[in-house]
Structure formats: C-alpha cells, structure tokens
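All of the numbers you see were taken from the coordinates with simple rules; none came from a lab. Just so it is clear, the model here is predicted, and its values are computed rather than measured. We place every Cβ from the backbone using ideal geometry, glycine too, and count neighbours over all the protein chains shown.
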Amino acid sequence: MRWLRFGVFADEEGLEFVRDVIRRELAARRVTVVGPLRERDRLDDGCTAEYLYGDLREQWKIEHPGQDAGRRRPLEVAVRVRCSLRVWRAVRKGIIRGLCPEGNGPHVCRVPWTAC
C-alpha cells in the first residue's frame, strides 16, 4: 500500500476541486483506494499542516497580490491506495497535471499545492 499526499492552501471550494481531481484520476486508473480521502490540519506525528505547508500561504500572496485569502488554509490531503509503484507514479503525475493543467511555464494554479 502507498500514500498519495498533497499539501494545499485552499478554502472549501478549492478543497472540493482538489478532491475531484484526485477521485477522477484514481477512477481513471482503477486504483484500489484503502480508506477515506483525508484532509488534515494536524498530522499523525503531531506536526501541523501550517508548519509543513505554510509556505503555500506566501505563494498565494505572491500570485494574488492584494487579494484576501479568505477562508483558505494549509491542509494535507491524503489517500491510501493499493497499486504498483509504476501505477502510483502515473496517478501522482496525473493528479499534479489536474491540479495545475497549464504546464511548466509561468502561470498561477487555481489552488496552491505541493506534492509530498
């Protein structure tokens, strides 16, 4: 079993977008999901999402100058899956493409994120 983990800086609308991207990619690859999709602000080791992903708040400020972050906050979105390493890598890449489909050139992603 393997984990797919992503740090995000999102409000409820952004979080729903992230959930949809993850679910769509898992379904497309027919990956077996083990347990629920989890969104956490405190991780199992006691570390906080703010500590690990707080830099995404700064990314938001840089990419959206003068805009209020509203109810956005750093979270970890994680799901445990059963698949080969090759499939895991393909799913991870697909999720990353879905989170920020504009490619590698300069652009602003809908939800600031980082892959763990």
Restricting the range 1-21 to residues that are touching a residue at least 60 places away in the same chain (Cβ under 8 Å) and over 25 Å from GLU58 (Cβ atoms), the residue that is surrounded by the fewest Cβ atoms within 10 Å (Cβ to Cβ): MET1
Criterion violated by ARG73 - all others in (1) surrounded by fewer than 16 Cβ atoms within 10 Å (Cβ to Cβ); (2) more than 17 Å from CYS116 (Cα to Cα) satisfied: (1)
From the options ARG40, ARG80, residue that is in contact with a Lys or Arg (Cβ under 9 Å, 6 or more places away or on another chain) and closer than 17 Å to CYS116 by Cβ: ARG80
Restricting the range 22-54 to residues that are within 18 Å of ARG82 (Cα to Cα) and β-branched (Val, Ile, Thr), the residue that is surrounded by the fewest Cβ atoms within 10 Å (Cβ to Cβ): THR32
